[in-house]
1. Of all the residues that make up the range 45-57, how many are surrounded by 15 or more Cβ atoms within 10 Å (Cβ to Cβ) and under 19 Å from residue 85 (Cβ atoms)?
2. For the range 3-22, which positions are surrounded by fewer than 17 Cβ atoms within 10 Å (Cβ to Cβ), touching a strand residue (DSSP E or B) at 6+ places or on another chain (Cβ under 9 Å) and assigned to a loop (DSSP other than H, G, I, E, B)?
3. Filter the range 23-47 for residues that are within 12 Å of the ligand (Cβ to nearest atom), part of a loop (DSSP other than H, G, I, E, B) and more than 9 Å from the chain's Cα centre (by Cα) and give the result.
4. Under 8 Å between Cβ atoms, which residue pairs at least 6 apart in sequence (or on different chains) link something in the range 16-37 that is within 19 Å of residue 78 (Cα to Cα) with a partner that is in a loop (DSSP other than H, G, I, E, B) and modelled with pLDDT of 95 or more?
5. In the range 48-71, which residue that is assigned to a strand (DSSP E or B) and in contact (Cβ under 8 Å) with a residue 24 or more places away in the chain is farthest from the ligand (Cβ to nearest atom)?
Ligand SMILES: [Zn+2]
């Protein structure tokens with residue numbers, strides 16, 4: 001049996017061929033165990049942007065899965081989890 005470790009981050013997919021997040025805010029640096037926790041992290045970053053820069057500012061972090069160290073977009077099940085908490 002192969003154990004696959006999946007964590008979730010508030011961030012973005014990388015620029016193709018690089019390890020650099022393709023957003024302005026970058027990745028949160030955490031390894032969240034659930035989609036919901038990463039969504040709360042993204043929401044907190046959005047609030048921080050608004051506190052610092054006003055109501056029209058916001059975070060461009062979204063919830064991304066990291067499977068055995070590789071980023072990937074959320075799958076259908078994970079998107080349903082995200083819909084349930086946002
Ligand atoms: Zn985080």
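The values are calculated or read from the model by the stated rules, or taken from the named source; none is laboratory data. Please read these numbers as outputs of a predicted model, since none were measured by experiment. Here the Cβ is made from the backbone with ideal geometry for all residues, glycine too, and neighbour counts use every protein chain on show.
1. Residues flagged as surrounded by 15 or more Cβ atoms within 10 Å (Cβ to Cβ) and under 19 Å from residue 85 (Cβ atoms) within the range 45-57 amount to 2.
2. 4, 5, 13, 15, 20, 22, listed by residue number.
3. Answer for the range 23-47, where residues must be within 12 Å of the ligand (Cβ to nearest atom), part of a loop (DSSP other than H, G, I, E, B) and more than 9 Å from the chain's Cα centre (by Cα): 25, 26, 29, 30, 31, 33, 34.
4. Hits for this filter: 27/12; 27/61; 28/61; 35/74.
5. 67
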